[in-house]
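Asks: Structure in structure tokens, see below.
The values are calculated or read from the model by the stated rules, or taken from the named source; none is laboratory data. This is a predicted model, so every value here is computed, not measured. Note: areas computed on protein heavy atoms with side chains; ligands, DNA, RNA excluded. Shrake-Rupley method; radii C 1.70, N 1.55, O 1.52, S 1.80 Å.
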Amino acid sequence: YQRRVHGDYWLTDIAKSQLLGAMAVYLFESRNLLSHFNISRAQFALFVLAIQRKYRRVPYHNWCHAFDVMQTLFCMLSHPSLSLYIDELETFMILVAGLCHDLDHIGLNNSFLYKADSPYGMLSHKAGARSALEVHHCNVAIDILSDPSTNILATLNDEQAQRAWRVLIDTILATDIALDKEQKQEFEEVIVLGTFDPSSPDHRLLLLKMILKLADISNVAKPFDISKRWGEQITHEFQCTGDNAVDTTMPTVPLFKLAKAQCGFIDHVARPMYELASKALPSIKPFLQQINENYSTWEKIIKDNPS
């Protein structure tokens, strides 16, 4: 399992070769998910292609990130500590959610959209929604799945379809980082403290929300050379946010600045989330170990390169 977690993160090297879509189809087929739900390979490939086309050429929240999140979920779900609790439909839909969770991301965050009085921010504010981007990602996913040629849910019965939509929408909405505090509290109360009931759809949905959240921030849990590259990309995207323009070129990020940013993210976001999850889910422990190793490397960089 350790090899499965850490042995396949060369995807940034092949992202430009158009192989990620084919690999996505392969991963779903390898778990027999397409045959289980009577979905043809051709239709699923069209669905993946439609998803890929809806990702913009932004530095971080792009198609490569979406594939990486789905692949990370695939690794997590390979461990019995998760597969015992999650059924085939939930497995299928959380992997689909991984592909869809940042659809049509514009490279700007929710805070900026609200403060800049952007159309996304205005619409969400008027509608009473607090997660402008995540609502937009869901809307784009709904559009794709409403097209008969890419509706991979067409073979589901009414009860299955309702469950599928709930998993897709609720887990994507939960990726809003502003919701971290309340989600951590809910996860600890239900899962870590031992009140988790596998027969409860709400409890299983909470588990799915948590693992998509973990996969979404898992760039710091990859081997250091890959984690560093993800860190450079997201730092560049954050810089673009300040300029209100997204530039796809990749200027060099000062190593000291990058190290400080990565340590800060690990301290305040990633490590607390992974430490909490690892108390209940053994499949998360290898990721937490890698986070701690990366943190030590970043600390050494900071020490050796004082500002």
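Asks: Ignoring ligands, DNA and RNA, how do 274, 85 rank by accessible area with a 1.4 Å probe, largest first?
Replies: The ordering from most to least exposed comes out as 85, 274.
Asks: Determine how large the accessible area of residue 150 is when every protein chain is in place; take a 1.4 Å probe and give Å² rounded to the nearest 10.
Replies: 10
Asks: Heads up, I need the accessible area for residue 78: 1.4 angstrom probe, whole protein in place, Å², nearest 10.
Replies: Accessible area of residue 78: about 40 Å².
Asks: Which whole-Hz couplings ³J(HN,Hα) result when phi for each residue of the range 195-208 is put into the Karplus expression 6.51 cos²θ - 1.76 cosθ + 1.60, θ = phi - 60°, listed in order with x for Gly and Pro?
Replies: 9, 5, 10, x, 7, 8, x, 5, 5, 5, 5, 4, 4, 5
Asks: Further, regarding this structure: Of 41, 31, which has the most accessible area and how do the rest follow, probe 1.4 Å?
Replies: Values: 41 150, 31 60 Å².
From most exposed to least exposed: 41, 31.
Asks: Let me ask something else. Hey, can you grab everything whose amide H is under 5 Å from the amide H of residue 279? Only 5+ residues off in sequence or another chain; H modelled, so Pro and N-termini drop out.
Replies: The list, which skips near neighbours in sequence, is empty: none.
Asks: Something else now. Give the accessible area for residue 260 in Å² (nearest 10); use a 1.4 Å probe, count only protein heavy atoms, and leave out ligands, DNA and RNA.
Replies: Surface accessible to solvent at residue 260 totals approximately 110 Å².
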